[in-house]
Amino acid sequence: MTVIGPDGAPRCGWATSAPEYIEYHDNEWGKEIRDDRGLFERMTLEGFQSGLSWITILRKRENFRAAFAHFDPEVIAKYGTDDFDRLMADPGIVRNRLKINATISNARALLELDDGEFTELLWSFQPANRPAPKTLGDVPATTPESVAMSKALKKKGFVFVGPTTAYALMQASGIVNDHLSTCIAR
């Protein structure tokens, strides 16, 4: 169900507990992203969120951007041991070896694709006409499309992109619209 926010507007139930959530919900979540770099940023952040609260990632987002060269895959793909050590010592981001290595590996995998191919691949999993969810219980953690997206990404050399992370990426980038039917952002 939707929750009335501080401005009196109805929003998805998860989106009103912090100002960062309201800002993200209203202006980004579910809005279409159709460029490789923007999608790479969302995929990376969703991967870092795994096992953590999304508010943790939102509050560290600018630090992530600075630490990962504003998610420029060409720069990140060249990261070596010194860069890895720098990232592991950076208290402004989530310091997780697997997630940092995944970001570097995924930047390299992205560069193996033609320009725009990453965007095209991700958007090829957009489901056809799904009804708007009425409650948060109607929003799945995975779908057949996110399972297929995960498999396709792994086949292209991407890591740390399981079906749940793939579905979160789909939500974050507008490939699916999971704003509740009565939400102002719908």
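Some notes on this structure:
- Cα coordinate range in the stretch 137-186, projected on the principal axes (Å, largest first): 39, 18, 14
- Residue-averaged 222 nm ellipticity for the chain, from DSSP H runs of 4+ at -39500 (n - 2.57), nearest 500: -15000 deg cm²/dmol
- Applying 1/(1 + (r/R0)^6) with R0 = 35 Å to the Cβ-Cβ distance of Lys154 and Asp7 gives a FRET efficiency near 0.25.
- Loop sites in the stretch 101-170: trypsin sites (Lys or Arg not before Pro), DSSP, at most 16 other Cβ within 10 Å: Lys134, Lys156
- The spacing between the stretch 162-186 and the stretch 86-155, judged by their C-alpha centroids, is 12 Å.
- Stretched out straight at 0.36 nm per residue, the stretch from Arg86 to Ala141 would grow longer than its current Cα-Cα span by 16.5 nm.
- Considering only Ile104, Phe64, Ala152, and ranking their Cα positions along the charge dipole of the chain that arises from unit charges at the beta-carbon of Lys, Arg, Asp and Glu, the one farthest toward the positive end is Ala152.
- Chain lengthening between Glu23 and Asn63 when straightened (0.36 nm per residue, less Cα-Cα): 12.6 nm
- Filter on Lys134/Lys155; Lys78/Lys151; Lys31/Lys134 - keep pairs with C-alpha separation over 29 Å: Lys134/Lys155
- Taking the stretch 60-186 and dividing mean pair separation by its residue count, relative contact order in percent (alpha carbons under 8 Å, at least six apart): 22 percent
- Cα gyration tensor category, rounded, prolate or oblate, for the stretch 1-92 with a/c compared to 1.5: prolate
Since every read-out is calculated from the coordinates, none of them should be taken as a lab result. No experiment lies behind these values; they were computed from the predicted model shown. Ideal geometry is used to build each Cβ from the backbone, glycine not excepted, and the neighbour counts take in all protein chains shown.
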